[in-house]
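Before any comments, here is the structure.
Nothing in this text is a laboratory measurement; each read-out follows from the coordinates by a stated rule. This one's a predicted model, so the numbers in the text were calculated from it and none came from an experiment. FYI the Cβ positions are ideal-geometry reconstructions off the backbone, even for glycines, and counts take in every protein chain you see.
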Amino acid sequence: MRPAAETSERPVVVVGSGPAGHRVVQAIGAQAPGRAIVWYGEEPWSPYNRIKLSSLLVGEVRWEALTVPTVLPAAVTTRFGCRIARIDRAAGEVIDAQGLRQAYGALVLATGSRPHLPDIPGIDLPGVFTFRDLNDAQRLQARTVRSRVTVVIGGGLLGLEAARAMRRYHTRVIVIEHADRLMPRQLDAEGAAWLAQSVHAAGIETRVSAAVKGIEGGREVSGVLLRGGEVIACDTVIVATGIRPNIELALRAGLPVGRGIKIEDDTRTADPRIHAVGECAEHRGEVYGLVAPGLEQAAVAANRICGGDAVYTGSVAATRLKVMGCAVFSIGEVERQGPADTARASAFADPDGDGYRRVLIRQGRIVGAQAVGPWAEMSRVQEAVRSGRRVLPWQRLRFARIGQLWPDADAGDVRLWPAEATVCHCTGVTRGQLTGALARGCASVEALGADTGAGSVCGSCRPLLAELADAGALPAVRGWRALVGLGAVALLLALVYLLTTIPFPDTAELAWRWDVIWRDSVWKQATGYTALGAMVLLAVIGLRKRWPRLAALWDFAGWRVVHGLLGALLVAVMWVHTGGRLGVRLDALMSAMAVLAILSGAAIALVVSRQQDLPPARVRRLQRGATWVHILALWPLPVLLGVHILKAYYF
């Protein structure tokens, strides 16, 4: 229930022009177009894509590629380059750095974070930089031209991105990491070793298990002193040792804070009129420091402000980027939680040297994954970890053997994902929402993005959107109505055969004793040879593709209908021949194989007959699985049938 104090009479005030603040403004504008919004940003720039800052620094993209083109509702007032200094909770107002007041009905704090600067001597010398926002990127752009040796303190995401950018003019770059490996929060030791190969191939030196004792220099940086006593001479230092949430505004307002601004599942702080989202927010003791969780929080905050009841229950941290041209992927848990943890890891190292993959499975469910190098399944694995999907034993065996959890055809097919599966994790758009947009006529990546917001942040999901947009329904097969009917009849008769037994008569006073069908050899041979004849005809028709003369007599669709008709006839004759009794030993096995072949054949007929109503990839998947069952059930039948006939005549 929305607190009475959070009213629509006053505008919504959003503080912060980063991705989370931007998403709040977008979402409220979509849900309540007439709601007044005042949007503050301390940076003077319009919203930009921070994920592409390293690409800007390295010269791969221009400024235009960073801007986020957005048509804001007329009710939105922007005040960029304006810092909010204080919150007057009693009056329900924010006060900017000039002392001007702005009333709010609801306030959203999306103040983000700032670089963490470790307490080491010389950290404030000229020549020491951070790499966090556009101002940092512009300063480093100017520095790349004159720097000859750059030391990057921190071997995590930002550190490696900064190192790559500083190599633009063949500057010597050394990365120093305190942990025993690069990207310790995202990769295990073997994955980090694979990444280190790519980093070294790019001409970047690394020092792991190395601590910085101080930064040396007079008027500017001259070197970095390591704890072991070594001094690395350099003219530039970039500090990339993590982030610290911007909580000062909330702290001055008396809101509870920890590492971040503490929020509940509705994204509200202790003050029901004030929400916090993004890198400044702490939810259940967790500060994520990533874009996607902040966008998820922003969507919940906007929904609550507009009167909804959405909740935020937490996020699964995911990293997906390119480091030195090498794809790096990590989601969920990286390592086991301790000796008592029952999680089991499965790893695959490509023998051709293309990469390394590892999944962590607990109680049959995938809880973490990582990869260095290409992996076609990345998107589907990401969705599986977020959803806690099961990994079956044969999937683990396939992964250990070839590094894939799913068959080749299914590895990256977004059309096979469940409707609730998230396709765009930056914006939280599901496959079902995208399918709905397709049904509304959105037939391109751009149209899907404009309708749902998918692909508008990092762009990593755009190949999946293209796959969805290009998906077309398969045409209906000729004779599909007959195929539906025959498949349904064969399926029904096979179930009757399995579940119903014709009883022996319990009295001799009958005009016709139907058990003569099983006791009289003439009847037994008549039904038996009829079943055998149906099996032979089915086998002949099954070889129609390899027998040109047979194929020339009639088209494929016609033979398929005949095949279905004979399958329905076969199961009916078998029921009469046996009375619904499977028999014992080899007879029981033969009956089971025959019924399994009929059931799988009926499934193929039903899938093919309705292929025009199903996603093409799902048709292929179901048809392939049923066909394999059909083939495996048919192979033993000739031998079992031969043994059955021999036994009948011998005895």
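Amide H contacts for Thr267 (H built 1.01 Å from N in the peptide plane; partners 5 or more residues away or on another chain; cut-off under 5 Å): Tyr312.
Here the convex hull built on the C-alpha positions of segment 345-408 has a volume of 73 cubic angstrom per residue. Annotation for Arg219 and Ser46: the two label points, set 7 Å from Cα along the Cα-Cβ direction, are 4.2 nm apart. Among the listed options [x] 71, 58, 46; [y] 112, 62, 52; [z] 78, 73, 47, the one matching Cα extents along the principal axes in Å as calculated from these coordinates is [y]. Around the amide H of Ala281, modelled in the peptide plane, lie the amide H atoms of Ile261, all under 5 Å away and 5 or more residues distant in sequence or on another chain.
In segment 128-241, what percentage of the DSSP-assigned beta bridges are antiparallel, given to the nearest 5? Numbers along the way, then the final one.
Numbers: 8 of 25 bridges.
Here the antiparallel bridges make up roughly 30 percent for segment 128-241.
Averaging 1/r over each pair of different alpha-carbon atoms in segment 142-261 and inverting the result gives 15.6 Å, the Kirkwood hydrodynamic radius.
Modelled spin labels at Ile631 and Leu134, positioned 7 Å past Cα toward Cβ, are 5.8 nm from each other. In angstrom, the C-alpha Rg and Dmax of segment 1-113 are 15.3, 51. Where only DSSP H runs of four or more residues are counted, the chain gives -12500 deg cm²/dmol as its mean residue ellipticity at 222 nm, each run worth -39500 (n - 2.57). Positive contributions from Lys and Arg (+1) and negative ones from Asp and Glu (-1), summed over other residues with Cβ under 13 Å from the Cβ of Gly155, come out at 0.
For every other residue with a beta carbon closer than 12 angstrom to the beta carbon of Arg386, add +1 if it is Lys or Arg and -1 if Asp or Glu, then tell me the sum. Charge balance in the 12 Å sphere: 0.
The spread of Cα positions in segment 80-203, taken along each principal axis and listed from longest to shortest, comes to 58, 36, 27 Å. Rg of the Cα atoms in segment 297-385, relative to 2.2 N^0.38 Å, amounts to 1.37. Amide H contacts of Arg365 (H built 1.01 Å from N, in plane; Pro and chain starts excluded): Val391 sit under 5 Å, all sequence-distant by 5 or more or on other chains. Helices meeting the span-like rule in the chain (full DSSP H runs, Cα extent of at least 20 Å along the helix axis, mean Kyte-Doolittle score of 0.0 or higher): 291-305, 480-499, 521-542, 556-578, 585-609, 616-634. Counting Lys +1, Arg +1, Asp -1, Glu -1, what net charge surrounds Ala233 among other residues with beta carbon under 12 Å of its beta carbon? Once positives and negatives cancel, what remains is -1. The alpha carbons of segment 326-470 give a radius of gyration and a Dmax of 16.1, 53 Å, in that order. For the chain, the antiparallel share of DSSP beta bridges with both residues in that region comes to about 60%.
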